[in-house]
Amino acid sequence: MSQHQRPSENKMMMAVCVDTPGGPESMLLRNVPRPQPEHGEVLIRVHATALNRADTLQRKGLYPAPPGESEVLGLEAAGTVVSVGPGVRKCWGPGDRVMTLLSGGGYAEYVAVPEELLMSIPPHLTVYQAAAIPEAWLTAFQLLHFVAQVKEGEIVLVHAGASGVGTAAVQLVRLAGAIPIVTAGSSEKLQMAETLGAAAGFNYKQEDFAEKVNDFTAGRGANVILDCIGGSNWERNVACLATDGRWVLYGCMGGKAVAGDILGKLLSKRGQLLCSLLRSRSLQYKADLVRAFSERALPHFSDPTSSPCRLRPVIDSTFSLEQI
């Protein structure tokens, strides 16, 4: 704190607020009270956060924060530990580099987090790379392992293969010993997904991805489909779903309404339609997810010379807080 700062100013922080839902221009930088760590919580100084589709939906007024959670945007953060509240069990100390999943509050200078949601940043990652991990990678890990229960050798179709969740899913499918294939809307996106490990990619704007999936699998279809599109994809999803396959829905970018014989066609495949969201899950569920991810995936973000299957977050652009 500089000599010109008043002690009261140290209790405030800059945060991104949305008073009236709307476009990007509706976001405001404002001084708000700095959170204090409560029982079992750790206070983090945020060095980087990330942009997720959920943030844009919340900004538009379409995806409010769960009851009791911060209304500040931001579902993940990376930074350093400032202090710990009473009852914290692990020996987190000031300056420890951490990243965390959030239900909100990441678009701010400080955030208080239940210690169960903290992960140490692997030493070879920057805080910017770390900030791109929690929401997208935990979502992908949850969909694959907690929901679909993917098995070695299975074919996994990942829609939006160049998105945050998509790029994470492709790499996690490979780590699980399964085979990722993707859809995307441009050759550049398909090429990026393939550099991350996709065995094949299909441009949904130019070709029938269901036909391509069936060709790739010699007619057997995909064992798992990770779908953030929804309505507009349902017929082709069912058409290329393997017998006893799992269709995992986690978004409805292509609409929520469905018309047609979806139940009959799904029944004929003995297919499962599994739906999942992460933000609204309980703290215990998220803690179990963070623990499983930390044990099974996080070590593979480490030094490539010591990791047999290197995972890497994808960053498109970086901006300062003032450029929000």
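The values are calculated or read from the model by the stated rules, or taken from the named source; none is laboratory data. Every value quoted in this text rests on a predicted model; they were computed, and no experiment measured them. Every residue, glycine among them, receives a Cβ derived from its backbone with ideal geometry; neighbour counts consider all protein chains shown. In case anyone asks, the SASA skips ligands and DNA or RNA and just uses the protein heavy atoms, side chains included. Shrake-Rupley method; radii C 1.70, N 1.55, O 1.52, S 1.80 Å.
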Segment 241-324 - convex hull of the alpha-carbon atoms, volume per residue in Å³: 215 Å³
Quick check: at a probe of 1.4 Å, how many percent of the accessible area of segment 107-233 sits on carbon and sulfur atoms? 47 percent
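Ranked highest first by the average count of other Cβ atoms within 10 Å around their residues, in what order do 130-143, 239-252 fall? Present the calculation step by step, with values, prior to reporting the outcome.
On the way: 130-143: 26.1, 239-252: 20.3.
Highest mean packing first, the order is 130-143, 239-252.
Using only alpha carbon positions, build the gyration tensor of segment 112-168, then give the equivalent ellipsoid semi-axes as the square roots of 5 times its eigenvalues, largest first, whole angstrom. Present the calculation step by step, with values, prior to reporting the outcome.
Values: eigenvalues 116, 43, 23 Å².
Its equivalent ellipsoid spans semi-axes of 24, 15, 11 Å.
Determine the per residue accessible area of segment 1-130 with all protein chains present and a 1.4 angstrom probe, expressed in square angstrom.
Details: 6770 Å² over 130 residues.
Each residue of segment 1-130 exposes 52 Å² on average to a 1.4 Å probe.
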Residues residue 10 and residue 30, FRET efficiency given R0 of 22 Å [Cβ-Cβ distance, rounded to 0.05]: 0.85
Checked against the positive end of the charge dipole of segment 27-129 (+1 on Cβ of Lys and Arg, -1 on Cβ of Asp and Glu, about the Cα centre), the farthest of 98, 88, 37 is 98
Taking Cα pairs under 8 Å and at least six residues apart, what relative contact order does segment 97-173 come out at, in percent? 28 percent
Coil-residue trypsin sites (Lys or Arg not before Pro) of segment 252-297, DSSP, other Cβ within 10 Å capped at 14: 256, 270
So which trypsin sites (Lys or Arg not before Pro) in segment 62-100 are both in a DSSP loop and have at most 12 other Cβ atoms within 10 Å of their Cβ? 89, 90
Mean shadow of the chain, computed from the convex hull of its alpha carbons, in nm²? 18.1 nm²
Scan segment 172-212 for trypsin sites (Lys or Arg not before Pro) in coil per DSSP, keeping those whose Cβ has at most 15 other Cβ atoms within 10 Å, and list them by number. 205
From phi via Karplus (6.51, -1.76, 1.60), per-residue ³J(HN,Hα) for segment 142-151 in Hz, x at Gly/Pro: 4, 4, 6, 9, 7, 9, 7, 6, 4, 10
Give me the distance in nm between label points sitting 7 Å out from Cα along the Cα-to-Cβ direction at residue 256 and residue 277, one decimal. 0.9 nm
Where the eigenvalues come from the Cα gyration tensor of segment 119-278, what are the semi-axes √(5λ) of the equivalent ellipsoid, largest first, in whole Å? 26, 17, 15
Set of aspartates and glutamates near residue 286 by C-alpha distance (under 18 Å), chain-local residues within fewer than 8 positions excluded: 41, 69, 76, 115, 116, 135, 295
Would you mind pulling out the separation of the Cα centroids of segment 256-282 and segment 6-54, in Å? 36 Å
Quickly estimate the mean residue ellipticity at 222 nm for the chain, helices only: each DSSP H run with n ≥ 4 gives -39500 (n - 2.57), and the total goes over all residues, rounded to 500. -6500 deg cm²/dmol
Quick P(r) readout (segment 39-188; Cα-Cα; 5 Å bins; whole %) gives 2, 10, 17, 18, 17, 16, 11, 6, 2, 0, 0
